[in-house]
1. Kindly list, by first and then second residue, each pair from a residue in the stretch 432-450 that is over 23 Å from G396 (Cα atoms) to a residue that is surrounded by fewer than 24 Cβ atoms within 10 Å (Cβ to Cβ) and of a type in the set (F, W, Y), limited to pairs with Cβ atoms under 6 Å and residues at least 6 apart or on different chains.
2. Give the stretch 508-533 a look and list any residue that's among the small types (G, A, S) and assigned to a strand (DSSP E or B), or say none.
3. State whether the residues of the stretch 406-421 include one that is out of contact with any strand residue (DSSP E or B) (no Cβ under 6 Å at 6 or more places or on another chain), open to solvent by 10 Å² or more (accessible area, probe 1.4 Å) and more than 30 Å from P238 (Cβ to Cβ).
4. Can you find even one residue in the stretch 75-86 that is at pLDDT below 85, open to solvent by 70 Å² or more (accessible area, probe 1.4 Å) and assigned to a helix (DSSP H, G or I)?
5. Answer yes or no as to whether G510 is of a type in the set (G, A, S), open to solvent by 20 Å² or more (accessible area, probe 1.4 Å), at positive phi and in contact (Cβ under 8 Å) with a residue 12 or more places away in the chain.
6. Just checking, how many residues over the stretch 59-74 are crowded, with 20+ Cβ neighbours inside 10 Å and among the β-branched types (V, I, T)?
7. State yes or no: is L279 under 19 Å from G464 (Cα atoms), among the hydrophobic types (A, V, I, L, M, F, W, C) and over 21 Å from the mean Cα position of the chain (by Cα)?
Amino acid sequence: MSSHGQAAWELLLPAVGAPARRRGRALQEALREGVRSGRLAAGTRLPSTRALAADLGVSRGLVTEAYEQLTAEGYLRSDRGAGTWVGDAVRGRFADGGDDRDGGGGAARGRGDATDGRGGGAAAPARGEADGARGGGTAAARGRGDAADGRGGGAAARARGDAYRVDGGGTAARARVDAHGVGDGGTRAGATDGRGGGTAARARGDAHGVGGAAASRGRVGARRPTGGTVVDFRPGTPDLSLFPRAAWSAAHRAVLARLPHPELGYPDPRGLPELRAALAAMLTRRRGVVADPERLVVCSGVAQASSLLGFVLRARGFDTVGVEDPGSPEHARLFASTGLGTVWLPLDEEGLRPEPLAASGVRAVVVTPSHQFPSGISWSAERRAALLDRVRAVDGYVLEDDYDGDFRYDRAPVGALQGLDPERVVYAGSVSKSLAPGLRLGWMLVPGALLDEVVERKRTMDLGNPVLDQAVLAEFVTRGGYDRQLRRCQRAYRERRDVLLAALAEHLPGTGVSGIAAGLHVIARVPKDFGPPERFLARAAGAGVALRPLEEYGTARPADGDVRLVIGYAHLAPSALTAGIRRLAAAVGGSDGDGGG
């Protein structure tokens, strides 16, 4: 055996010792950790798949899959015919020799922390002190009196008809929206003020970025269904009937039986210690993040995570945030509520285009790289690396919204961007799609330099999330209920995706579909044969079919005459999906259709 092969064997030995069904994931975790720790330095050429498989005594396919997965995530790079190499995208305290930049209170420094072995190495504080001291541990109440304007549940912009106070330039921006985020008129929330290179200051007077059929007078898609909605294909909602009531109830009873009385007092603003430990282990295992429980903040979903970060960045002198185009309009609204303007940054099939990003001048960007919303693409490794290079160069930050990160149907989900640089990426996720949005439970992993400020802002905003809800989620995750729920949802949603694709092919022939590999929606490109977009959408609305055109999620206005739709399927039963597409086809002149039930 070569010395290189011997080194690889020693590095990856835990993967070999894992149970057969987990061996592939264990190999990937070992490779990630090897790159992060610097044991596999940038530029190191890895053994061929055949040689490494022989050294480890595993199948070549398992090694090939591991190489492909980590190449997609940016840890490795592969040159056709020249082998596989360790990439240079990884940064942070793991690869940079201990530069934790945590501003005096982030990671556990020199405390003898021990990994607990769960999920591949989530840090387990072993300090001999009371983890979760009231007041946040690292973020003492400094008496600043900066009362948050989002008390009572967190995020200042709750999309309930609230008046959004500022749009980055101090201008009142009222953008009333209904429960689906559909604007009813008026000026746009989150409107950019032209800063950052002026890439997004369109001054069109419409409500671009206000989630849906916004306020542009006469604009395509601004109609609502008449005569009542029969089927609603708008995306964003999971099947709430899949909520695991029995398992959740059992976890609730178990928690009530054992929760000590003192735990019902004012919580640590970061969250219940047992939940932070459980989430850190789970996220490390499932999403490939660097998850120190000390840097994990439990919050009321990604919405509150965005608001918390927005307030902190604004206090640090940031004035704009870049958002994906097309992208989620909610990001613009939430950052607007914190006083930050937004700059829309164009995407292509690989991710954010580097040139407009550099020209924009923004130092903070919010992205959905693992499963981009709404296009459904997974960012290429090159674009992931380019974004990280950019924020490092301008001393900036990335907010990674891990939207639908767990739902992929063709292969293992692509790992989170945060794992490449935990000191520049704020990672945020929630249970809104996996369990239910009404739980208002989410998390954010915070770079050390921002941790104190985020925790203090969380404290003044709502004094922390409800303890009982956190304890139930911790029980649910620790006992395996969360993993079982994800598997159950994935089976159901894959079936519904397949039913939708079959119905589109049968009743709207010629429709091109993309973004089908993951997530809870698809992009359907309906040929112009079925009519121009405005007529198509009007007829659909008249038939009681609620749709959302892709153009409502960005600035681009394609001129080819095709109708591009973002069709959600997770919340609809298979029979309802088929009937809904049949009804739509009958309304717009597709194949057969009897009105569709």
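The values are calculated or read from the model by the stated rules, or taken from the named source; none is laboratory data. Quantities reported herein were computed from a predicted structural model and do not represent experimental measurements. Cβ coordinates were reconstructed from backbone atoms using ideal geometry, including for glycine residues, and neighbour counts include every protein chain displayed. For the accessible areas, the whole protein counts, side chains as well, though only heavy atoms, and no ligand, DNA or RNA atoms are used. Shrake-Rupley method; radii C 1.70, N 1.55, O 1.52, S 1.80 Å.
1. If the second residue must be surrounded by fewer than 24 Cβ atoms within 10 Å (Cβ to Cβ) and of a type in the set (F, W, Y), the pairs left are A436/F243.
2. First, the residues of the stretch 508-533 that are among the small types (G, A, S): 510, 512, 514-515, 517-519, 524, 531.
Scanning the stretch 508-533 gives G512, S514, A518, A524.
3. Among the residues of the stretch 406-421, not one is out of contact with any strand residue (DSSP E or B) (no Cβ under 6 Å at 6 or more places or on another chain), open to solvent by 10 Å² or more (accessible area, probe 1.4 Å) and more than 30 Å from P238 (Cβ to Cβ), which makes the answer no.
4. Checked the stretch 75-86: no residue is at pLDDT below 85, open to solvent by 70 Å² or more (accessible area, probe 1.4 Å) and assigned to a helix (DSSP H, G or I).
5. Numbers: of a type in the set (G, A, S): yes; open to solvent by 20 Å² or more (accessible area, probe 1.4 Å): yes; at positive phi: yes; in contact (Cβ under 8 Å) with a residue 12 or more places away in the chain: yes.
Considered against the rule, which asks whether it is of a type in the set (G, A, S), open to solvent by 20 Å² or more (accessible area, probe 1.4 Å), at positive phi and in contact (Cβ under 8 Å) with a residue 12 or more places away in the chain, G510 comes out as yes.
6. Of the residues in the stretch 59-74, 1 are crowded, with 20+ Cβ neighbours inside 10 Å and among the β-branched types (V, I, T).
7. Values: under 19 Å from G464 (Cα atoms): yes; among the hydrophobic types (A, V, I, L, M, F, W, C): yes; over 21 Å from the mean Cα position of the chain (by Cα): no.
The answer is no for L279.
Residue by residue, here is whether (1) polar (S, T, N, Q); (2) at pLDDT 95 or above; (3) within 30 Å of A30 (Cα to Cα) holds:
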{"position": "P244", "(1), (2), (3)": "no, yes, no"}
{"position": "S249", "(1), (2), (3)": "yes, yes, no"}
{"position": "V255", "(1), (2), (3)": "no, yes, no"}
{"position": "R276", "(1), (2), (3)": "no, yes, yes"}
{"position": "L279", "(1), (2), (3)": "no, yes, yes"}
{"position": "V297", "(1), (2), (3)": "no, yes, yes"}
{"position": "R316", "(1), (2), (3)": "no, yes, no"}
{"position": "V323", "(1), (2), (3)": "no, yes, no"}
